[in-house]
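The structure appears below as structure tokens.
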Amino acid sequence: MLKLYAATLKKYKLYLIAFDLTLTQTEVNISGMNKLEESLNKIAELRKTIEYHNKRYYQQDAPEISDAEYDRLMRQLQELENQYPDDDIASSPTQRVGAAPLAKFASFSHPSAMLSLANAFSNDEIIEFDSRLKRLAGVDSISYIAEPKLDGLAVNLIYENGLFTKGATRGDGATGEDVTQNLKTISSLPLKIKNAGNKAIPSFIEIRGEVYMESEPFHKLNRRRIDEGEEPFANPRNAAAGSLRQLDSKITARRPLNIFLYGIGNIHGINFSTHWEVLQTLSGWGFPVNKFIERVQDINACIRYFEHIGARRKSLPYEIDGIVLKVNDLSLQETLGNVSRNPRWALACKYPAAQETTIIKNIEVQVGRMGTLTPVAIMEPVNVGGVMVSRATLHNEDEIIKKDIRIGDTVVIQRAGDVIPEVVKVIPEKRTGKEKKFKMPKTCPECNSEIVRFEGEVAHRCVNISCPAQLKEHIRHFASRSAMDIEGLGERLSAQLFDTKLIADPADLYFLTKDKLLELDRQADKSAQNLIDSIARSKKPQLDKFIYALGIRHVGERTAKLLAARFGSMENLIKAKIEDLTAVNEIGPEIASSIVEFFHEGKNIDVMKKFSKAGVIPQKKEVSNNVPLAGKSFVFTGTMEGMGRTAAKEIIESLGGTVHSSVTKKTTYVVTGDDPGSKLDKAKSSGIKIISEKEFLKLIGRKTS
């Protein structure tokens with residue numbers, strides 16, 4: 001905008017000179033325009049200079065000027081921008097300065113979920129992760145991206161047409177806090193994507209990152225807080241989180257925050273085939289990407305990376321608690337999908353933490369959201385790494401037997417990955433003979449249902465959907481946008497409904513009345529009516545949404561769609577045998593067993609009957625008896641004229657095929673529409689069959705016009 005404005009001024013000045021307009025006022029106008037032109041050019045120059053020094057200081061750790069000189073440049077730019085405001089102000093370095101305090105943070109719904117990571121604490125667990133992925137994907141080898149796992153705060157950044165427009169904390173993965181103004185104060189974060197590299201700037205992109213504080217600035221901050229009579233922060237992560245959640249962004253601006261970007265969510269306009277390509281593009285766009293990230297060809301190389309980074313952990317300028325492994329191939333990531341709140345294709349590998357000794361007073365069993373029974377040690381409280389610990393996970397019965405952990409034992413404990421307390425080992429020399437061995441219960445301690453242990457697993461599980469320990473989380477999942485989409489049923493209200501015994505399972509939601517809701521604390525007339533209306537609207541869900549809402553172990557959104565397309569109704573799915581389920585593309589014995597076990601549990605069948613009585617009728621899907629596209633994989637590129645991509649995907653999946661976003665060696669067809677992108681070039685170079693939209697419609701048995 002500045003360049004266009006300056007160019008217009010030049011043309012106007014030449015016009016006046018050409019007509020020899022030498023009046024005093026004209027000379028004044030030309031003089032004023034000269035000054036304006038110089039100021040606009042100076043603004044552009046200062047912005048470019050300051051961004052250069054920001055990169056040298058925050059990303060390359062190699063400043064070229066003093067802090068005082070930097071401050072003089074910034075003040076000069078601020079003064080000029082105040083005199084000559086322009087449309088590019090949003091991306092100016094001056095916009096990082098804190099704004100007025102907020103009363104509270106607004107909530108922000110992430111366009112795509114920010115998932116958490118499963119953890120590994122040993123080489124054996126890392127190897128098992130790789131073996132599991134190979135088994136699920138049916139491949140012999142997998143390459144990974146390995147990166148240090150910073151101990152910071154995860155954030156989601158929204159860029160529209162290259163400009164930073166929104167930023168939020170991870171929150172619960174679906175909804176976070178809008179901290180846009182505070183994120184703008186982080187000097188290493190670009191406010192505008194730099195147009196560089198082979199990739200065009202997308203019209204919309206979610207970029208995921210970690211806000212952190214380096215060790216030395218953290219210690220300086222704490223020393224200053226102590227001098228000023230304030231409480232010091234416990235660790236750099238707490239300092240980073242507390243700084244980013246300041247209602248007054250001017251306070252955030254004074255804190256030494258930094259950021260690394262490590263991935264993307266939703267994106268419009270361009271495509272990627274590997275995670276490495278994503279990282280290289282982010283770096284090319286001007287985003288700070290950790291320089292220690294590497295491509296590794298197999299799991300043995302991952303373990304070497306884990307050990308190498310661990311050896312130099314103390315020399316890093318920031319704290320890490322492990323490394324993260326991610327499958328490099330994005331199409332393989334899509335195939336592997338997610339389980340619960342974790343992507344199957346990524347793993348956090350944690351380093352050992354500080355250790356202490358204490359005594360186990362008792363062992364209790366907790367029931368998780370998916371019914372997993374976890375033994376928990378109740379211990380004499382002890383300070384571990386600055387945190388008082390009185391409970392520690394024992395993981396599972398096999399782990400207790402392997403470590404020979406008994407009630408009354410003196411044990412060594414640590415905060416695994418610096419966060420989760422766990423028992424490392426027993427000190428047998430401290431035994432008195434009064435210690436007691438632990439036995440896993442045969443029935444669920446919460447609902448008395450039979451406990452099952454699936455073949456090949458170490459965990460014991462309760463598969464009763466009505467189990468009280470699981471129910472609150474089940475209800476939240478059931479009501480979520482990706483499932484039944486019952487608006488207004490959040491965490492607090494779900495717990496309240498359960499605690500007051502208004503509901504005992506998800507089906508009871510459909511028997512609630514407005515009068516009953518109004519008996520609850522802080523429940524207004526309008527919100528009660530809105531919830532009743534929202535529940536009523538959900539009575540005719542799509543079949544795949546309903547299947548997903550049930551919370552069957554291993555059944556995510558994609559698997560639910562495959563089941564809906566193959567079986568067409570809940571009646572058919574409930575009657576399906578393991579061999580029927582494994583005949584569906586992408587469903588293996590593990591997922592099939594989980595589905596059969598779920599519908600063999602009597603209490604689950606009772607809940608299904610209650611849904612029917614309440615008038616909940618999942619909409620049936622047309623089922624084809626044959627699956628002519630079984631084993632075939634499709635990728636679309638360009639604009640489709642005769643059919644939308646969503647409809648095309650549903651038809652392909654109903655015929656046994658799959659749709660992916662990236663071209664790989666496993667792609668069967670690339671379907672081209674108008675104005676195809678880079679996927680077409682990759683298909684040609686890889687020798688993959690390319691078909692037109694007309695040929696595709698003929699392939700799926702649709703008429704063309």
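The values are calculated or read from the model by the stated rules, or taken from the named source; none is laboratory data. Predicted model only: the values in this text are computed from it and were never measured. Neighbour counts are summed over all protein chains in view; Cβ atoms, including those assigned to glycine, are modelled from backbone coordinates with ideal geometry.
Residue check: is residue 594 in contact with a Lys or Arg (Cβ under 9 Å, 6 or more places away or on another chain), within 25 Å of residue 541 (Cα to Cα) and not acidic (Asp, Glu)? Answer is yes for this residue. A count restricted to region 125-164 and to residues that are small (Gly, Ala, Ser) and either closer than 26 Å to residue 250 by Cβ or in a loop (DSSP other than H, G, I, E, B) (or both) stands at 6.
Quick one: in region 653-705, which of the residues that are of a type in the set (Ser, Thr, Tyr) and crowded, with 17+ Cβ neighbours inside 10 Å is nearest to residue 558 (Cα to Cα)? Among them, the one singled out is 658.
May I ask you to verify whether residue 107 is under 29 Å from residue 347 (Cα atoms), within 22 Å of the chain's Cα centre (by Cα) and either without any contact (Cβ under 8 Å) to a residue 12 or more places away in the chain or surrounded by fewer than 18 Cβ atoms within 10 Å (Cβ to Cβ) (or both)? Answer is yes for this residue. Of the residues screened, residue 469 is one that is within 30 Å of residue 598 (Cα to Cα) and outside any strand (DSSP E or B). For residue 167, the criteria (1) over 20 Å from residue 350 (Cβ atoms); (2) touching a helix residue (DSSP H, G or I) at 6+ places or on another chain (Cβ under 7 Å); (3) not in a strand (DSSP E or B) hold in every case but one, which is (3). Of the residues in region 177-186, not one is at pLDDT below 90, touching a Leu at 6+ places or on another chain (Cβ under 9 Å) and in a helix (DSSP H, G or I). Among the listed residues 546, 567, which satisfies the condition of being surrounded by 14 or more Cβ atoms within 10 Å (Cβ to Cβ), outside the structural domain of residue 137 (by TED's automatic domain parsing) and under 26 Å from the mean Cα position of the chain (by Cα)? Only one candidate qualifies: 546.
Against the conditions (1) outside the structural domain of residue 143 (by TED's automatic domain parsing); (2) buried (at least 18 other Cβ atoms within 10 Å of the Cβ), residue 362 satisfies every one except (2). Region 599-686 holds helices (runs of 4 or more DSSP H) entirely within its bounds, and those carrying 1 or more residues that are assigned by TED's automatic domain parsing to the domain that holds residue 580 map to 602-614.
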